[in-house]
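Remarks on the structure that follows.
Just so you know, all these numbers are worked out from the coordinates, no wet-lab data involved. Treat the numbers as computed from the prediction; the structure is a model and nothing was measured. Using ideal geometry, Cβ is built from the backbone for each residue, glycine included, and neighbour counts are taken over all protein chains shown.
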Amino acid sequence: MPNMIETKNLIKVYGKEVKNEVLHGINLEIKKGEFSSIIGPSGSGKSTLLNLLGALDNPTEGEIYLNGSQINKLDDDQLADFRNKNIGFVFQFHHLLPEFTSVENVMMPNWIGDSNNPDQDENRAMELLDLVGLKGFENKLITKLSGGQKQRVAVARSLMNKPELILADEPTGNLDTETSTKIYDLLRDINKELDTTFIVVTHDRHIASKTDRVIEIIDGRIDKDYLNSPEHEYDNFENVAPKYCFLCGENVIK
Amino acid sequence: MWFEFKVAWRFLKSGKTQTLLILLGIIVGVSVQVFLGSLIGGLQQDLVNQTVGTSPHVTILPENEIPRPLVVNEDKYSRVITFASSTSGINRWREIEEYLNEEEQITEVSPTIDGSGFAVRGQKNLQVVMRGIELDKADGIYNINENLVNGQADIGGNNIIIGTELANELELQPGDTLKLNTSGGVSDRFIVRGIFDLGSKELNSSWIFMSIRRASTLFNFSDQISNIEVQISDVFASDQVADQIMNRFNNINAESWQRNNQQLLTALQSQSSSSLIIQIFVIIAVTLGIASVLAVSVVQKSRQIGILKAMGTKRKRVGIIFLIQGAILGLTGSILGALSGIGLSQAFVTFTRGATGDPLFPITINPTFILISIVIATSAGMIAASIPARNSAKLNPIEVIHNA
């Protein structure tokens with residue numbers, strides 16, 4: 001299987017006067033169609049890694065290849081264009097535009113990419129909303145939806161431009177357990193049906209234990225990187241990120 | 001652009017109160033501007049019209065001669081000297097008239113013989129100015145035909161036309177006869193054919209038009225005339241035209257209305273500059289208003305901007321969203337403002353009337369001026385939006401996304 005993501009010795013330093021190295025040389029390969037999770041305590045650098053993988057930021061050193069193209073040398077506008085065409089994002093706080101309706105939010109990546117086929121695009125947005133179980137909510141303003149519904153719209157939006165990679169940053173962090181499970185199952189279904197590569201950043205061991213592969217990050221380094229069998233999530237649970245639990249103490253899952 | 005416009009529109013729509021407030025600000029600003037501009041424009045045009053509308057812009061006169069003593073009476077206690085200036089007229093007037101007719105910027109040329117005297121009827125004896133004209137030429141300046149209120153404009157032979165005030169004073173109707181005495185001692189009877197109203201009490205009470213030929217014999221002018229009256233297309237070029245004529249011909253003097261009305265022109269100019277200053281400050285206030293509202297809006301919408309950027313919106317396009325907001329605010333506000341300014345002007349014309357029930361002065365709505373106001377307000381809106389636009393373009397999506 002070809003690699004969806006490949007990084008070579010990624011280093012990220014913040015600050016000019018006082019330098020703060022957040023990532024100390026990350027080497028990572030993620031295969032196409034993989035459903036992996038990145039887990040680690042706050043401050044471990046997992047969000048920074050996600051920014052780099054999501055083409056939101058450039059590394060200080062090292063190389064990133066996404067789907068075969070090197071992106072660490074692109075400028076801001078080229079990165080923006082790359083994100084629009086190749087990456088879908090699902091964020092913790094859904095991050096939808098409250099000024100627009102569900103279907104308009106789903107179509108947003110398409111508008112940004114200046115599609116020239118508005119009718120077809122609207123049909124696709126409708127289908128996606130149907131796929132995430134929001135048939136009938138197409139023309140509702142975002143502010144009129146529940147938390148779970150908003151996150152479903154966000155998932156539909158991330159699929160709009162048919163990206164091969166979807167990055168989810170704490171996609172269920174803001175939801176109750178039942179809704180979390182539903183959203184997770186939805187992502188999983190999409191992964192199976194469309195063969196989309198998923199990377200889920202989480203500090204939820206339940207979620208991590210359900211993914212195919214767990215990458216544990218501690219202090220800017222990959223501490224552990226292992227494959228899971230999602231069918232045995234309860235057996236896995238104890239094994240996932242024990243260090244992380246030890247480190248973060250009270251932060252352990254509810 | 002469609003995408004930027006759509007987002008800009010929704011952003012404006014979602015902050016209704018804010019949008020309405022700033023729109024109101026622009027509307028008030030622009031309507032004050034349009035109203036003030038129209039008012040002052042109308043006032044000035046009215047003043048200029050009253051001054052030069054139905055009067056010559058340039059008058060060509062014989063050269064002034066130095067008054068010379070005529071009679072000296074001397075006795076033990078006093079000395080009385082009577083001065084007289086030359087009463088000679090313009091000799092080469094046909095040549096001058098021909099030249100004036102050739103000039104492009106000169107629209108009307110009317111050779112005239114003027115003389116003073118008295119109109120006598122019964123016991124009444126009124127001082128009048130007798131003006132010998134060629135009707136079709138003088139009509140171009142005074143609109144005699146249009147301003148005729150009674151009778152007809154016929155000045156053939158001994159026919160004359162007189163002003164309304166004079167007709168009232170002497171109780172004259174078309175068809176009546178009127179005796180005129182010139183200051184030179186000549187006296188004759190004339191038939192009143194028409195009565196005009198030139199819009200000025202002074203002219204209506206003293207002017208009498210007759211044919212130039214009749215005036216020539218009445219005042220014994222032989223082949224001279226007293227002056228040539230000229231109107232030009234650009235009334236504010238009267239100085240140049242007068243100078244040009246004086247340079248071309250000797251022994252004549254050309255007077256322009258501008259030189260004769262220096263004070264009025266200075267007043268108009270200072271009025272224009274004060275109105276311009278007011279308008280500039282109104283525009284500055286409007287610009288600051290738009291800028292501050294949009295600056296707040298960038299902060300309010302920073303999350304949305306971050307999301308749009310994360311999904312691949314380029315920096316420039318985010319900036320354009322705010323520029324479009326500025327343009328929408330400026331354009332809508334200034335169009336509504338212009339309309340309400342026109343409404344205000346109309347209301348002013350309707351509600352402020354003089355004693356006669358006529359508007360005090362007509363307000364001229366100048367479409368170019370209004371268009372300029374709209375363009376300026378819209379550009380001001382975009383300029384005001386450019387600072388927030390730059391700030392929004394600088395916004396880093398990462399910070400926004402992770403600090404929800």
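Hey, what did chain B get for relative contact order, percent, Cα under 8 Å, at least 6 apart?
25 percent
Using only the Cα atoms, work out Rg/Rh for the protein assembly as shown, with Rh taken as the Kirkwood radius, to two decimals. Please list the in-between numbers first.
Working: Rg = 44.3 Å, Rh = 32.8 Å.
Radius of gyration relative to Kirkwood radius: 1.35.
Enter the angle in degrees (range 0 to 90, nearest 10) between the Cα long axis of helix B:367-394 and the first principal axis of the Cα atoms of chain B, meaning the one along which they spread out most.
20 degrees
Using the Cα centre of the stretch B:270-381 as the reference point, and only Cβ charges (+1 on K/R, -1 on D/E), how large is the resulting charge dipole? Debye, rounded to the nearest 20.
Roughly 880 debye, rounded to the nearest 20.
Quick one: Debye curve from the C-alpha atoms of chain A, no solvent, what's log10 I(q)/I(0) at q = 0.07, 0.10, 0.12, 0.15 Å⁻¹?
-0.23, -0.49, -0.71, -1.10
Relative to the longest principal axis of chain B, what angle (0 to 90°, nearest 10) does the C-alpha long axis of helix B:315-351 take?
Tilt relative to chain B: about 40 degrees.
Determine, at each q value in 0.17, 0.22, 0.29 (inverse angstroms), the log₁₀ of I(q)/I(0) that the Debye formula gives when each Cα of the stretch B:194-247 is one equal point scatterer.
Log10 I(q)/I(0), no solvent term: -0.87, -0.97, -1.02.
Roughly how tilted is helix B:238-248, in degrees to the nearest 10 and between 0 and 90, from the longest Cα axis of chain B?
50 degrees
When a footprinting reagent is the concern and you count Cβ atoms within 10 Å, what order do B:SER206, B:SER292 take, fewest first? It would help to have the intermediate numbers written out before the result.
Working: B:SER206 20, B:SER292 13.
Ascending Cβ contact count within 10 Å gives the list B:SER292, B:SER206.
Where does chain A land at 222 nm, in deg cm²/dmol rounded to the nearest 500, when only DSSP H runs of n ≥ 4 count, each adding -39500 (n - 2.57), divided by all residues?
It lands at -11000 deg cm²/dmol.
Got a sec? Charge dipole of the stretch B:56-259, +1 on Cβ for Lys and Arg, -1 for Asp and Glu; which of B:SER200, B:ALA138, B:GLY185 is way out at the positive end?
Towards the positive end, the residue furthest out is B:GLY185.
With only Lys, Arg, Asp and Glu charged, each at its Cβ (+1 for the first two, -1 for the last two), find how big the charge dipole of chain B is about the Cα centre; round to the nearest 20 debye. Intermediate results must be reported in sequence, preceding the final value.
On the way: 31 positive and 34 negative charges, 679 e Å.
The calculation lands at about 3260 debye.
How would B:LYS309, A:LYS224 line up from fewest to most surrounding beta-carbon atoms within 10 angstrom?
Details: B:LYS309 27, A:LYS224 16.
Listing B:LYS309, A:LYS224 from fewest to most nearby Cβ atoms yields A:LYS224, B:LYS309.
Taking only C-alpha pairs under 8 Å that are 6+ residues apart, what is the relative contact order of chain A in percent? Before the final figure, lay out each step's value.
Numbers: 495 pairs, mean separation 64.4, N = 254.
With pairs under 8 Å counted, the relative contact order is 25 percent.
In debye, nearest 20: dipole of the stretch B:56-259 around its Cα centre with unit charges on the Cβ of K, R (+) and D, E (-)?
Dipole size: approximately 1020 debye.
Using a 10 Å cut-off around each Cβ, can you sort B:VAL299, B:VAL30, B:VAL400 from fewest to most neighbouring Cβ atoms?
Details: B:VAL299 13, B:VAL30 30, B:VAL400 19.
Ordered by Cβ neighbours within 10 Å, fewest first: B:VAL299, B:VAL400, B:VAL30.
Kindly flag which residue pairs out of A:LYS16/B:LYS394; A:LYS8/A:LYS224; A:LYS19/A:LYS46; A:LYS85/B:LYS301 have an alpha-carbon separation exceeding 21 Å in this structure.
Among A:LYS16/B:LYS394; A:LYS8/A:LYS224; A:LYS19/A:LYS46; A:LYS85/B:LYS301, the Cα-Cα distance tops 21 Å for A:LYS85/B:LYS301.
In the stretch A:1-101, what trypsin sites (Lys or Arg not before Pro) fall in a loop by DSSP, with at most 15 other Cβ atoms inside 10 Å?
Qualifying residues, ordered by number: A:LYS16, A:LYS19, A:LYS32, A:LYS73.
Computed over the Cα atoms of the stretch B:56-259, what is the ratio Rg over Rh, Rh following Kirkwood?
Across the stretch B:56-259, the Cα-based Rg/Rh ratio is 1.01.
Considering the options B:LEU36, B:ALA393, B:SER222, tell which one lies farthest towards the positive end of the dipole of the protein assembly as shown, charges being +1 on Lys and Arg and -1 on Asp and Glu at the Cβ, about the Cα centre.
After comparing all options, I get B:ALA393.
Of the cross-linked pairs A:LYS12/A:LYS140; A:LYS182/B:LYS314; A:LYS150/A:LYS192, which ones have a Cα-Cα span greater than 30 Å in the structure shown?
Pairs exceeding 30 Å: A:LYS12/A:LYS140; A:LYS182/B:LYS314.
So if I take the centroid of the Cα atoms in the stretch B:12-48 and the same for the stretch A:177-225, what is the distance between those two points in Å?
Spelled out, the Cα-based centre of one part sits 59 Å from the other.
Would you mind calculating the relative contact order of the stretch A:123-213 from Cα pairs under 8 angstrom and at least 6 residues apart, reporting the percent as a whole number? The partial results should precede the final answer.
On the way: 78 pairs, mean separation 25.2, N = 91.
Contact order relative to length: 28 percent.
Would you compute, from DSSP H runs of 4+ residues alone, the mean residue ellipticity of chain B at 222 nm, taking -39500 (n - 2.57) per run and dividing by the full residue count, rounded to the nearest 500?
-18000 deg cm²/dmol
Tell me which aspartates and glutamates have Cα within less than 15 Å of B:LYS179's Cα, excluding those fewer than 8 residues away on the same chain?
Here the aspartates and glutamates satisfying the reach criterion relative to B:LYS179 are B:GLU169, B:GLU171, B:ASP188.
Starting from the alpha-carbon convex hull of chain B, give the projected area averaged over all orientations, in nm².
If I average the Cα hull's projected area over directions, I get 30.5 nm².
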